[in-house]
Amino acid sequence: MSQEVSDAIDGFIHRLLQKAQSDKSALLIEFDPEWPSACYLDRAGNGGNVNWQPVRQSQENDWSDFEKALNIQVHPSIKSFYQCYWSDNLAAQHHFGPLELIQVWNEADFERLQQNLIGHILMKRRLKQSETLFFGLTDEEDEILCVNNQTGEVVLEQVGMEAKKVIAPNLAQFLLSIDPVIIVNSD
């Protein structure tokens with residue numbers, strides 16, 4: 001499964017970069033020297049917008065402390081999803097509407113993501129709900145895209161509620177069903 005997710009993300013990133021080639025302002029981000037990343041293609045001396053793009057991670061991020069702390073085995077699709085690229089969040093379109101794929105910008109961001117996922121799992125346990133791990137945001141303020149940690153299904157859930165809809169049988173198929181969207185920075 002994890003190779004399928006990796007291949008699907010590669011395809012999504014490839015389509016994103018193809019779309020971005022036609023617009024020089026497509027992948028711009030404000031440079032922050034306090035928030036380093038391999039994604040920066042330019043370095044701005046004193047702020048300003050710079051070009052960026054997703055960059056393949058050279059080594060896998062470690063999930064062992066996360067899994068040990070929660071006594072859980074993280075679904076391989078989620079591990080693969082967050083271990084492929086360093087990237088800013090990525091806009092996409094699905095038949096149900098616009099969404100944003102959550103990504104990690106650097107190692108510190110990966111640690112922050114794990115802390116947020118721990119909070120999410122603890123909330124699900126407290127509410128006696130199926131354990132899910134989020135990977136995307138929707139245009140609806142409190143609806144998120146998650147992977148059911150037991151089944152691997154992609155589900156749409158309202159924060160604090162049991163998942164209400166299965167969107168795809170697995171993360172790889174979901175990633176293949178979405179199209180990248182270029183958000184042009186108007187600055």
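No value in this document is a laboratory result; all are computed from the given coordinates. Keep in mind the model is a prediction, meaning the values are calculated, not measured. So basically every Cβ, Gly included, is an ideal-geometry build from the backbone, and we count neighbours across all protein chains shown.
Quick notes on this one:
- For the pair segment 97-113 and segment 46-86, the centres of their Cα atoms are 8 angstrom apart.
- Straight-distance crosslink candidates among aspartates and glutamates, where the alpha carbon sits under 15 Å from Lys19 and sequence neighbours closer than 8 are dropped: Asp10, Asp179
- Within a Gaussian network of the chain (alpha carbon springs, distance under 10 Å), most fluctuating of Ser22, Ser77, Ser177: Ser22
- Note on segment 49-187: lysine pairs with Cα distance below 23 Å, sequence gap of 8 or more or different chains, count 9.
- Residues His120, His95, His75, His14, ranked from the fewest to the most other C-beta atoms within 10 Å, line up as His95, His14, His120, His75.
- When only alpha carbons are used to place a centre, segment 114-187 and segment 1-43 end up 21 Å from one another.
- The stretch between Trp35 and Leu127 holds 29.6 nm of extra length on full extension. This uses 0.36 nm per residue minus the Cα-Cα distance.
- Gain upon complete extension [Thr151, Arg15; 0.36 nm per residue less C-alpha separation]: 46.1 nm
- Each helix, a run of at least 4 DSSP H residues, gives -39500 (n - 2.57); summed and divided by the residues of the chain, these come to -10500 deg cm²/dmol at 222 nm.
- Residue-count net charge about Ala172 - beta-carbon cut-off 10 Å; Lys, Arg +1, Asp, Glu -1: -2
- Both radii are taken from the alpha-carbon atoms of segment 2-180; with Rh as the Kirkwood radius, Rg/Rh is 0.97.
- In summary, the helical segments of the chain meeting the span-like criteria, namely a full DSSP H run, a Cα extent along the axis of 15 angstrom or more and a mean Kyte-Doolittle hydropathy of at least -1.0, are 2-21, 107-126.
- Cα-projected label distance for Asp65 with Asp7, points at 7 Å along beta-carbon direction, nm: 3.4 nm
- Note on segment 72-187: with charges restricted to the Cβ of Lys and Arg (+1) and Asp and Glu (-1), its dipole about the Cα centre is near 620 debye.
- When each of the peptides 152-160, 107-115, 83-91, 56-64 is scored by how many other beta carbons lie within 10 Å of its residues on average, the order from highest to lowest is 83-91, 152-160, 107-115, 56-64.
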